[in-house]
Amino acid sequence: MTAPTDTSAPVAGIPATGAARQLLRRLRGRPAAVVSAGVLLLLVLLALAAPLFAALEGQDPYAYHDDLVDSARGGVPYGSFGGVSADHWLGVEPGTGRDLFARLLHGARVSLLVAVGATAVQVLIGVLVGLAAGLGSRWADGILSRITDVLVALPMLVLAIALTAVVPRDFPRPLLLILVIGLLGWAGTSRIVRAQTLTLKSLDFVAASRLAGSGRWRTARRELLPALAAPVITYAAISVPTNMVVEAALSFLGVGVTPPTPSWGQMLSTAQTWFRADPAYVLLPAGLLFVTVLAFTVLGDAVRTALDPREASRLRVGTRKETSR
Amino acid sequence: MTRYVLKRLAGAALVLLALSVLVYALFYLAPGDPARLACGERCNPRQIAQVREQLGLNEGVFAQYAHFLQGVFVGRDYSTGTSVVRCDAPCLGLSYQSDQQVTQLVLERLPATASLALGALVVWLVVGVGTGLLSALRRGGPTERILTVLTLAATGTPVFILGLLLLMVVCAYLQWLPFPTYVPLGENPEQWAWNMLLPWLTLGLFESAKYARLTRSSTLETLAEDHIRTFRAYGVGERAVVTRHALRGAVPPVVAVSAVDLGYMFGGAVLTESLFGIPGLGKTLLDGVREIDLPVVVGVVMVMGVAVVLAGVVADLLYAAADRRVVLT
Amino acid sequence: MTRHSEDPLVEVRDLTVGFDREGGSVRAVDGLSFTLGEGRALALVGESGSGKSTVAGALLGLHRGTGARVTGSVRVGGIDVGAAGPGELRRLRGGVAAMVFQDPLSALDPYYAIGDQIAEVHRIHAGGSRRDARARAVEVLDRVGIPDAARRSRSRPHEFSGGMRQRALLAMALACEPRLIVADEPTTALDVTVQAQILDLLHELRRETGTALLLVTHDVGVAAESVDEVLVMRGGREIERGPVDSVLGAPSEPYTRRLLGAVPRLDGPLRPAAPAPTGEPLLEAVDLRREFGRGKRAVAAVDGVSLTVHAGETLGVVGESGSGKTTLGRMLVRLLDPTGGRLRYGGTEIGALSERELRPYRRELQMVFQDPVSSLNPRRSVGESIADPLRAAGERDETRIRSRVRELLDRVGLEPDRHAAYPHEFSGGQRQRVGIARALAAEPRVVVCDEPVSALDVTTQAQVTALLAELQAELGLGLVFIAHDLAVVRQVSDRVAVMRGGRIVEQGTVEEVYGAPQDPYTRRLLAAVPSLDPVLAAERRGRRQELAAA
């Protein structure tokens, strides 16, 4: 009783071989995505080569320079724009006189590492749990889905703050952040994977695979997994900036990366008390964080639209990405 | 309907129970000695042992959890060595640091959080939904493009950066407002409002980006639906099509997401509260973490859990009220 | 109502509509001209992609602002649609010409009461108070046969059934007393009995108000029931136009003849009678049941069905939506587990076997699915899909697999060299052939076809059903052919089972069920099937009224 579909024209559908190439081609067609990718590439390079660049400047991110700050005025750097000079390209940190350029680059390492690492943990757990719920028995699905519901419902930031409190101080903080954000934030991925698996399971081609005599595993590998790649990549792409903000937020609150290790959020945390005397100290990490998060967001959006324009609008409305307030 | 609410509340109770188990397990099984932390850096082993006894930490994990539940449902007694303190249900324990009842502490901090949340709600409903609607009406034009860029920029701005920038510009540079300090509503309503203005704007504008996108995309999605074509084909003007028919499709998601977000604010607005020094639940949580005051942390997380879970139920009910096609089961 | 006898109501001259697509532009309509007089009815008939719906949209200027390029002239009720200002266009839409869309659920705003939506439209054209408009809405709803219209006008669309919603759309069209109703596939989403009711209603309303009708449809039978004139379209162009009885009775163009020849009809030729089935049935269901949900809310989708399928015969299963025919089909191949009854295959009880125990039988029970889009994995080449049963059977020799796949593709009428192509490179009919090849690769003995042709155009339909019949004869398959279309089932089946509400209400040979139906439901179904002969159609309309009155 359905109307005859347009049977003369081929229907859209992306064979696996061309998918990656097609994604790249579509992304290239969007200037915003290209610019964002360029910015991110530059940042990653800067972060990777942070020690090299710091050496080029001739500075160390941890060395104090008491002579560069005015102790009479509470530690405000001498000179304009937070003490910019030929030796210190972006000025120095108020109070301690540590070199800002070196600290910002080293901070980028932490921010990027935590954001990407946490996303990887989320994707891994999310895909496994989602698949288990989607393919498993009703019982398994029920239990896993309830756990997912609980995790989705609770603000990640609050639980993360609570969690960071109980772990001993000497545990490496970046690793802790990756684990905490990863372990608390997989629910979104698992929901999407489960929903997608259930949808796929109901499609006729999966039924046909069963009729052909293929076992469960063969069916999952051939028919389900390739179709899951697109939504998982999409969700991972929009998760990276979110995770980056969570890391910055935790460090900002003083429960994330602890001094002397630099991270943008942690720099902003100390900058809170300096913004009247030394605005540059706020604006530099804030600007970098803003640009990076924005670039990731734009790129994530572009990936989402490029992979599946129709799915994109549903993702935007249907799933809430956790935000840190 | 009643049946649905009861079912959901029963489910919510289960979620909260699960949350309490989780939180309890995390804190009481984690490495580190709460007694030592509660006692402070300079305690000797004998004092620590005493504190451990007082806090009931010598009991097994299950007994401790049972006592916690007992406190929540019927109340419990605490001995502080010399005297016995009665903690009535719902008892969330005593603060390690101040010996204050956590339930009381939470109740004291609730008004500040509520002030922040409700004000922010007004801001995001006006600014966020307004922006979204405007960009849907002016789609394809320069207005939409400008709004899209603004929204995108706002999406990329973490709330603490937005707050810091507002503080720098409004308070430090332009000096339009004094640096905010929290004044309770009951004390001086006018001062309360002036001091809350910046926090409201910060949190509200931050959330607005999401609501602008939500409103715009729901409206556009509805515009692409078949029934819009019907009204166009019957001579209904474009403005009426958007405001009467397309915007109507954005109401259920906006209302439901607002309810959920409002729930999140109770305990979740840690960054804003911390930045502006608002003594709300989020700040309480953060202080609890800094002072390793585990009962306070557990208490705030539980209260937040209640708020979030209830908000979820309310959101579903509101969604169903706004979209009658939805059948609650 | 005033009549402008000198000018036709609709005058389309040299209409061309082009759309920009990825990689060039497409002409959906290409130099079409026709006229339609006051009170007359014209059907645009064509298969998918013929441009018929695009023409309907052009009459109301709906292509404005969509990026479509419209040339030529369209005049409706004296208004030049191409040149009309916004005010004039609004007057045209709904006031002069009202549109009735295909899917009645999505064509109405889900958030507002139906009465309010009709009133909104009415006020735009007639002005007046809100209360008057509301009263008019109730009046027209009553007119289209909605019982208790005043109360029901406060209901939202989802609270109406499909047929009721289509009535409500007709009411909206009537609200402003238009001179023309443009109906775009108005009954395609409906069951055949409901379709008949809506067509009868449309007929009656036109007789009463003298409104002209432009009907867009893929279904020649629907056109025969409703119009005076027919315009057959293909590829955006006119193929043939004329009075309905001459075009359908004595078509002059080869395409029209082909189209009409492909339409299955209740008075068409039967397949040669098969010898009465003898011996053990291949597949036998006894009191088969399937419930969904548990406890008090359990619903029996299939409620005690017994049937047999013999080698070399086709059992047709017909029923309207919700009759349980798809659930039954899936149980027969054990894609769904029965919750009760027995299912025997070649003498073995397989209804309760576990997936592991089922393995030896799996490949012998195959299925051809309805939707040619979702039945093939878009990410795998068709050759890979067809090879699945071979690989699952343990075949490892790639060259043997390759040659078997080529052989199968050839057998179902596809180019063997296309085994490496992906599903989106094939048309709907070709994809259905791929699905058949995949089923055959398993060397089945029973094939269940679930609506295998309902998503296809009639000419393609005819080819696919012919292929199925041919393969069956050649391989001696037991075929179960599930469909909602009574004429298709009649054409392909030896025996027929009529389903309703999860039960079989009547079962027998094609001659018995179609020639002398015993069950009143079967009779109603048969009376509802549109006829290709306009004279016969009028006769059947009378019969339906009798049946309804009885």
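Using Cα-only point scatterers and the Debye equation, what is log10 of I(q)/I(0) for region C:173-288 at each q in 0.14, 0.15 Å⁻¹, rounded to two decimals? At q = 0.14, 0.15 Å⁻¹ the computed log10 ratios are -0.73, -0.80. Computed over region C:10-261, the Cα gyration tensor eigenvalues convert (square root of 5λ each) into semi-axes of 30, 22, 16 Å, ordered from largest to smallest. Sort region C:485-550 into rounded, prolate or oblate with this rule: let a ≥ b ≥ c be the square roots of the eigenvalues of the Cα gyration tensor; rounded if a/c is under 1.5, and if a/c is not under 1.5, prolate when a/b is larger than b/c, oblate otherwise. Taking the square roots of the gyration eigenvalues as a ≥ b ≥ c, region C:485-550 is oblate.
Starting from the Cα of B:Lys210, draw a straight line to each of the lysines and keep only those under 16 Å, dropping any in the same chain fewer than 8 residues away. Within the straight-line limit of under 16 Å, B:Lys210 reaches these lysines: A:Lys321. Give me the aspartates and glutamates in straight-line cross-link reach of B:Lys7: C-alpha distance below 20 Å, same-chain residues under 8 apart excluded. Those aspartates and glutamates meeting the cut-off are A:Asp141, A:Asp149, B:Asp316.
Shielding of C:438-445 by partners, i.e. mean partner chain Cβ atoms within 10 Å per residue?
Values: counts 5, 3, 0, 1, 4, 0, 1, 0.
Counting other chains' Cβ atoms within 10 Å and averaging over C:438-445 gives 2.
Remark: region A:189-194, residue by residue, has Karplus-estimated 3J(HN,Hα) of 4, 5, 4, 5, 5, 4 Hz, where x stands for each Gly or Pro and the curve is 6.51 cos²θ - 1.76 cosθ + 1.60 at θ = phi - 60°. To test your reading of the geometry: what angle, between 0 and 90 degrees and rounded to tens, separates the Cα axis of helix A:31-48 from the longest principal axis of chain A? It works out to around 60 degrees.
Over every Cα atom in region C:29-120, the radius of gyration and the widest Cα-Cα span, Dmax, amount to 14.7, 41 Å.
For region C:306-395, the pair-distance distribution built from all alpha carbon pairs, in bins 10 Å wide starting at 0, is 12, 40, 36, 12, 0 percent. Computed from the C-alpha gyration tensor, the three semi-axes of the ellipsoid equivalent to chain C are 45, 28, 22 Å, from longest to shortest.
Dipole of chain B computed with +1 at Lys/Arg Cβ and -1 at Asp/Glu Cβ about the Cα centre; of B:Ala18, B:Ser274, B:Ile146, farthest Cα towards the positive end is B:Ile146. Toward the positive end of the charge dipole of chain A, about the Cα centre and with charges on Cβ (Lys, Arg +1; Asp, Glu -1), which of A:Pro61, A:Ile147, A:Gly213 goes farthest? Checked the options; the winner is A:Gly213. Residue-wise HN-Hα couplings along region A:248-260, as the Karplus relation 6.51 cos²θ - 1.76 cosθ + 1.60 with θ = phi - 60° gives them from phi, are 4, 5, 4, 5, 4, 7, x, 10, x, 5, 9, x, x Hz; Gly and Pro carry x. What you get for chain B, charging only the Cβ of Lys and Arg (+1) and of Asp and Glu (-1), is a dipole of about 1160 debye around the Cα centre. The orientation-averaged projection of the convex hull spanning the C-alpha atoms of the protein assembly as shown amounts to 55.2 square nanometres.
Dividing the summed -39500 (n - 2.57) terms of all DSSP H runs of n ≥ 4 by the residue count of chain B sets its mean residue ellipticity at 222 nm at -22000 deg cm²/dmol. Sequence-ordered 3J(HN,Hα) estimates for region C:373-386 from the Karplus curve with 6.51, -1.76 and 1.60 and θ = phi - 60° stand at 7, 8, 8, 10, 5, x, 8, 10, 5, 4, x, 4, 4, 5 Hz, glycine and proline given as x.
Rounded to the nearest 10 degrees, the inclination of helix B:142-155 to the longest alpha-carbon principal axis of chain B is 10 degrees.
On C-alpha positions alone, give me the angle between the axis of helix B:102-123 and the longest principal axis of chain B, in degrees, nearest 10. For helix B:102-123, the angle is close to 10 degrees.
Near A:Pro226, once Lys and Arg are set to +1 and Asp and Glu to -1 for all other residues with Cβ below 11 Å from its Cβ, the sum equals +3. Basic side chains Lys and Arg get +1 at the Cβ, acidic Asp and Glu get -1 at the Cβ, and with that the dipole of region A:9-324 about its Cα centre reaches some 1880 debye. For A:Asp70, the amide hydrogen comes within under 5 Å of the amide hydrogens of A:Gly75, A:Val76, A:Tyr78, counting only partners 5 or more places away or on other chains and with H modelled in the peptide plane. Using only side-chain charges placed at the Cβ, +1 for Lys and Arg and -1 for Asp and Glu, the dipole size of region C:374-442 relative to its Cα centre rounds to 140 debye. By the helix-only formula, in which each DSSP H run with n ≥ 4 contributes -39500 (n - 2.57) and the sum is divided by residues, chain C has a 222 nm mean residue ellipticity of -11000 deg cm²/dmol. What is the diffusion coefficient of chain A in µm²/s, taking the Kirkwood radius over Cα pairs and the Stokes-Einstein relation at 20 °C with a viscosity of 1.002 mPa s? Roughly 97 µm²/s, to the nearest whole number. Proximity of backbone amide H atoms, modeled 1.01 Å from N, is registered between C:Ile239 and C:Val232, C:Met233, C:Arg234 at under 5 Å, excluding neighbours fewer than 5 places apart on the same chain.
Above 25 Å lies some portion of the pair distances; for region C:377-492, what is it as a whole percent of all C-alpha pairs?
Values: 1386 of 6670 pairs.
Here the tail beyond 25 Å accounts for 21 percent of pairs.
Return the tail of the calculated pair distribution for region C:355-413, meaning the percent of Cα-Cα pairs more than 19 Å apart. That fraction is 41 percent. Each listed q (0.12, 0.15 Å⁻¹) maps to a log10 I(q)/I(0) for region B:104-322 from the Debye sum over equal C-alpha point scatterers, namely -0.72, -1.01. Neighbouring Cβ atoms from other chains, within 10 Å of the Cβ of residues in C:102-113, number 5 on average.
Ordering B:Ala212, B:Ala233, B:Pro189 by the projection of their Cα atoms onto the charge dipole of chain B, which places +1 on the Cβ of Lys and Arg and -1 on the Cβ of Asp and Glu, puts B:Ala233 at the extreme positive end.
Where a number appears in this text, it was derived from the coordinates with a stated rule and is not lab data. For clarity, every value in this text was computed on a predicted model and none was experimentally measured. Neighbour counts are summed over all protein chains in view; Cβ atoms, including those assigned to glycine, are modelled from backbone coordinates with ideal geometry.
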